[in-house]
Every structure is written in structure tokens, then in C-alpha cells.
Amino acid sequence: MKKLVLVLALLLSATIPALSQTNPIQSRIVDLSGVSMPDVTITEMSRCTSSTPPTDASATKTYVTDANGNFSWPALLPETLANRRILVRDSAGVEKPARLFFVSPTQINYLMPEGLQNGAMVVKLMSSANELIKADLGRFESIAPGVFTANSDGGGVPASFVTRVQPGNVQTTEPVAQLDVAQSRFVPLPIDLGPETEFVVLTLFGTGWRQLGSLPNTKVTIGGVDCPVEYVGPQPTFFGVDQINARLPRALISKGEVDVKVSFFIDLDFTNTVKLSFK
């Protein structure tokens, strides 16, 4: 993948407030008579505030209205926030600005620019006046898949949910994790696959899939059972997040706690193993 969400923890030399870009855009499209218009494609492009045009695909977002004509997307991420910028120089010497989620005196969350070459990289913390504050060395890999987890440690229950689809296309979302107070950790909440008249789809969130992610190249195995993958690619709402939807076979009933493995047939890339539980 070319877009990774990274956290850069820095002790900044100046005191600045914590700022983040959190204003979503929500609206509804109707025709001249006021009737909602479903399946309308809407694209927003970032307005340039300098002579340099937007540098990557994060400068545009495209969505389709739902059955009621509604659409929603987060505000486009800025390249400068709280008088701070991040520049990333790749192994080919190409330098690009990163888009910023959050800036505080001790932490910056940013979105890795697209189109970087694999290998050594330099991450620069800059002021809005283009003054260098700090620089760090790192390594960039365009494909580094991983599953996000509820405990933010790469193991245990994934940061995910299931969608139950009942007759008439009635859909409800359900959690897959519960808090164990004694352990102070999230643990798997047993999933009930229900009667044969309904089916359940697992949604996993992670990183590093969109560069690999065609359906034939993606495999989800739970407790040794192959799960049909229905979607793999960018998460449609959150910048830098990837998503997989996989239907849960009824062979998982009564399996108890099992391993969940996501793999890709290109270069045999595997993600971290996580766990789910089934009634």
C-alpha cells in the first residue's frame, strides 16, 4: 500500500495547542421537486492555497449517495496544521508533504504520501514558514499489511464488527469484542451465526491491503475454514484505512475461539494473526 497511517511522536520546541481536522461533510441530494436522488456520484477536490497543486489522491474524495440521497465524508486533510508540516523524502530523493490528522505539543498523526519509493526515508518536521524543526530516519515499504486490533497491540480480537443480514435485506451490526474487566483487555465476544435464513459478514480494518487487494488475491481463513471475500480495498470513510468484508461460513458454528488469518497471493504477504470466537 502507498498510504499508511503513521504516528510521529516528537518533543516539539515550541508550545502549540492540540488541533485536529474533524469536520465531516453531510448532506442530501434532491431533484428540483425535492425527491431524494440515490446513486449519485459526488467528487470534492481540495482548494489550493498556494501555487502548488494537490500532490496526491487524498486531495479528492468521491462518494455515492445512499437510497435516501444522503452522503457523508470527512473533511479533506490539510498539509499544514497548528503551524506544523511534515515532509517525507524517499530513497529516490523525492520529497512530498504528508497530510495531517492531528497536531499537539508531543504528537503528530499524519497520512503517508502516495507514490513513495521503497527503502530509506527521511521524515522532516517543518514549521509553516518552511523552517526545519526536527528530522528522523526511517524505512518505507509500500506493502506492509496488518490487521488493526481492539487492544492496539497487533494480537487478540480485531478492531472489527459483523453485519447480520436477515430476510428482506434487514441488516444489523454487532460487536465481536467485549471488555474483560479483570484483564483490562478486550476479548472475543462469541459470534452467533443464527438460522440458515440469514448470513453474517465480517468487516476487518487494517493497513497495506489496497496495493494487493483484488478479490482473487485475498484470502481470509478462520479456524482453518476459508471465508469468501466480498470486498477488499480502501475504507470509504476514514483516510488511510483499508477494509475487508468476508462472509462467515456456517462451518464455523461451535468452533469456539479460533485464529483469523489474512493473506495475499502476491509475494505471499501475511498479516498478523488475530482471534474471534463462535457460538
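Filtered by the rule that a residue be among the small types (Gly, Ala, Ser) and either on the phi > 0 side of the Ramachandran plot or in contact (Cβ under 8 Å) with a residue 12 or more places away in the chain (or both), the range 159-186 gives 159, 160, 168, 177, 184.
In the set (1) within 26 Å of residue 253 (Cα to Cα); (2) loosely packed, with under 15 Cβ neighbours inside 10 Å; (3) at pLDDT 95 or above, the condition left unmet by residue 132 is number (1). Within the range 96-110, the residues that satisfy the criterion of being under 11 Å from residue 79 (Cα atoms) and either among the hydroxyl-bearing types (Ser, Thr, Tyr) or assigned to a loop (DSSP other than H, G, I, E, B) (or both) are 98, 110.
One line per residue, one yes/no per condition, for (1) in contact (Cβ under 8 Å) with a residue 40 or more places away in the chain; (2) under 26 Å from residue 99 (Cβ atoms); (3) β-branched (Val, Ile, Thr):
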position	(1), (2), (3)
224	no, no, no
228	no, no, no
248	yes, no, no
254	no, no, no
262	yes, no, yes
271	yes, yes, yes
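When residue 157 is tested against the conditions (1) surrounded by 15 or more Cβ atoms within 10 Å (Cβ to Cβ); (2) not assigned by TED's automatic domain parsing to the domain that holds residue 230, the lone failure is (2). Residues in the range 201-228 that are more than 23 Å from residue 254 (Cβ to Cβ) and among the hydrophobic types (A, V, I, L, M, F, W, C): 205, 209, 212, 215.
Do the conditions hold for residue 138, that is, is it free of Cβ contacts under 8 Å to residues at least 24 places away in the same chain, outside any strand (DSSP E or B) and either outside the structural domain of residue 95 (by TED's automatic domain parsing) or not β-branched (Val, Ile, Thr) (or both)?
So residue 138 fails the test.
Could you go through the range 241-254 and let me know if any residue there is surrounded by 15 or more Cβ atoms within 10 Å (Cβ to Cβ), in contact with a helix residue (DSSP H, G or I) (Cβ under 7 Å, 6 or more places away or on another chain) and over 16 Å from residue 162 (Cα atoms). No, there is no match, as no residue in the range 241-254 is surrounded by 15 or more Cβ atoms within 10 Å (Cβ to Cβ), in contact with a helix residue (DSSP H, G or I) (Cβ under 7 Å, 6 or more places away or on another chain) and over 16 Å from residue 162 (Cα atoms).
The values are calculated or read from the model by the stated rules, or taken from the named source; none is laboratory data. Just so it is clear, the model here is predicted, and its values are computed rather than measured. Every residue, glycine as well, gets a Cβ built from its backbone with ideal geometry; the counts of neighbours run over all protein chains shown.
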